[in-house]
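The values are calculated or read from the model by the stated rules, or taken from the named source; none is laboratory data. Note that the structure is predicted; figures quoted are calculated from it, not measured. So basically every Cβ, Gly included, is an ideal-geometry build from the backbone, and we count neighbours across all protein chains shown.
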Amino acid sequence: MGPLLVFDFDHTITDKNTDVEVQELYSGGKISDIPEVAKLYSSAGWTEYMGTVFKLLWEQGVTKEAILSLMRTLELTPVMHQLITEAHNDLHAKIIIISDSNSVFIDEILKHRNLIEMVDRVFTNPASWTDKDLLTIQPFHHQEDCKLSSKNLCKGKIMEDYLGSCGEKFSSVAYVGDGRNDFCPALRLKEDDLVFVRKEYSLEKYIQKMKEDGHHIKAKVNYWTSAQEILDSMKEKAGGE
């Protein structure tokens, strides 16, 4: 019986943010500086904002292949490929990804890096190409219950639903992330579980802020800059079980 290893994607598996990087293909200045587009983020949310980004890129003639090619150039965080490979092959971990990116970006990167077969499930905003090669995106779900999460993606609920429906028992759960939307799943873990927080990213400070507000993570919290640290910790835990 191996562990369940749960990953965020942007700034966790990939060193950069896929949604931010794709906006660099726009040649008319920064998309986020366009007032009516910027308002979408605060009024309608990130998913609708990205849908508008994709439409602007398409209207400018940015091709499907240009977008996919960009995804293939994005580097993984240090030692991440080794972590996923060894966790899957040697530690017999079940691996899932829960991300606010989209299915097209994540699938392209995982395929390019030969990691797609090692990931059991990807939970993210579904995206697809129209017959005219416009990339479209939909929210993963609509939720109002979790105030720690965005309306389109409660990572904690997704993780708990997976644990309840996958039909497997795990030795422990390890969660790897960097951002504020990774706090909810971290908060739901048990004392024997592990949380891996990327150093100098927003989750690190957010954990401290939420702790002061009375939200305590039960799992052991570890901080990382290289996935080697995650791999070492998981091997150590596996050796002690």
Notebook entry, point to check: Scanning the range 21-60 for residues that are among the hydrophobic types (A, V, I, L, M, F, W, C) and more than 19 Å from residue 136 (Cβ to Cβ), which turns out modelled with the highest pLDDT?
Noted result: 34
Check: Identify, please: which residue in the range 61-106 is surrounded by 19 or more Cβ atoms within 10 Å (Cβ to Cβ) and charged (D, E, K, R) and is, among those, nearest to residue 138 (Cα to Cα)?
Finding: 100
Next item on the list: Would you mind telling me which numbered condition in (1) surrounded by fewer than 17 Cβ atoms within 10 Å (Cβ to Cβ); (2) within 17 Å of the chain's Cα centre (by Cα) residue 213 fails?
Entry: (2)
Check: From the list 116, 106, which residue is under 27 Å from residue 1 (Cα atoms), among the hydrophobic types (A, V, I, L, M, F, W, C) and either assigned by TED's automatic domain parsing to the domain that holds residue 11 or in contact with a helix residue (DSSP H, G or I) (Cβ under 8 Å, 6 or more places away or on another chain) (or both)?
Finding: 116
Notebook entry, point to check: Does the range 161-172 include one or more residues that are modelled with pLDDT of 95 or more and either under 16 Å from the mean Cα position of the chain (by Cα) or under 22 Å from residue 74 (Cβ atoms) (or both)?
Noted result: yes
